[in-house]
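K.L.:
The structure that follows is given in the form of structure tokens.
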């Protein structure tokens, strides 16, 4: 069975689409997914009315206490998980990862997981210049204008070992399905 650690930061952009996709993938492929969320992610998930759905679908949801608790790093480094997916990633967490700052559960897990060559996949919505249309709770649309500094941080991460930056939400499905095909023994 494919074991995935799914990290969620306090980014609301595409969170509904990602959450529903992860539920579909879990059901379709019988994935073992443990969720690790930042303190702010819990607020965002509740704001988008996704918290209960995730609690109903996933056995293990762990909320950040500090940079090393719950002890995600140990599970990543000892091979408990096949991959670490962080989706969505805030611009703040992206900046921290880009500059080697590991002072939160998610940024520390990315840093330490990369040192152990764990496959890490990040989806930061602010990954290319231009405008980004996001959906607020209740369905209202909001246009965001991506800052150059955010794109530069994503570009910096693209050069890091063991970390793959996903360009859009559909890449999440592709990465998981490709992993399953390449590792039939993990089914």
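The values are calculated or read from the model by the stated rules, or taken from the named source; none is laboratory data. Computed from a predicted model, the values in this text were never measured in an experiment. Backbone-built Cβ (ideal geometry, glycine too); neighbour counts: all protein chains shown.
K.L.:
Kindly indicate which of 22, 1 is closer than 18 Å to residue 118 by Cα and either in contact with a strand residue (DSSP E or B) (Cβ under 8 Å, 6 or more places away or on another chain) or assigned to a strand (DSSP E or B) (or both).
P.N.:
None of the others qualify; the one that does is 1.
K.L.:
Right, another one. Residues of the stretch 66-87 being out of contact with any strand residue (DSSP E or B) (no Cβ under 6 Å at 6 or more places or on another chain) and without any contact (Cβ under 8 Å) to a residue 40 or more places away in the chain, which ones?
P.N.:
Of everything in the stretch 66-87, those that are out of contact with any strand residue (DSSP E or B) (no Cβ under 6 Å at 6 or more places or on another chain) and without any contact (Cβ under 8 Å) to a residue 40 or more places away in the chain turn out to be 66, 69, 71, 74, 78, 79.
K.L.:
Next question. Mind checking which residues of the stretch 39-53 are farther than 16 Å from residue 14 by Cβ, touching a strand residue (DSSP E or B) at 6+ places or on another chain (Cβ under 8 Å) and modelled with pLDDT of 95 or more?
P.N.:
Across the stretch 39-53, the qualifying residue is only 42.
K.L.:
If we keep just the residues of the stretch 130-160 that are modelled with pLDDT of 95 or more, in a loop (DSSP other than H, G, I, E, B) and surrounded by fewer than 17 Cβ atoms within 10 Å (Cβ to Cβ), which is farthest from the chain's Cα centre (by Cα)?
P.N.:
So the residue we want is 147.
K.L.:
Considering only the stretch 88-124, state which residues are farther than 11 Å from residue 165 by Cβ and in contact with a strand residue (DSSP E or B) (Cβ under 8 Å, 6 or more places away or on another chain).
P.N.:
Selection gives 88, 93, 105, 106, 109, 110, 113, 114, 118, 119.
K.L.:
While we're here: Residue 11 passes all but one of (1) crowded, with 22+ Cβ neighbours inside 10 Å; (2) not in a loop (DSSP other than H, G, I, E, B); which number fails?
P.N.:
The single condition residue 11 does not satisfy is (2).
K.L.:
Scan 75, 181 and give me the residue that is at pLDDT 95 or above and part of a helix (DSSP H, G or I).
P.N.:
Answer to the selection: 75.
K.L.:
Something else now. Check the stretch 83-90 and report whether any residue there is assigned to a helix (DSSP H, G or I), at pLDDT 95 or above and closer than 17 Å to residue 16 by Cβ.
P.N.:
No, the stretch 83-90 contains no residue that is assigned to a helix (DSSP H, G or I), at pLDDT 95 or above and closer than 17 Å to residue 16 by Cβ.
K.L.:
Any idea which of 34, 60, 30 is modelled with pLDDT under 95, surrounded by fewer than 22 Cβ atoms within 10 Å (Cβ to Cβ) and in contact with a strand residue (DSSP E or B) (Cβ under 8 Å, 6 or more places away or on another chain)?
P.N.:
60
K.L.:
Looking at 101, 106 in this structure, which one is within 18 Å of the chain's Cα centre (by Cα) and closer than 21 Å to residue 13 by Cβ?
P.N.:
106
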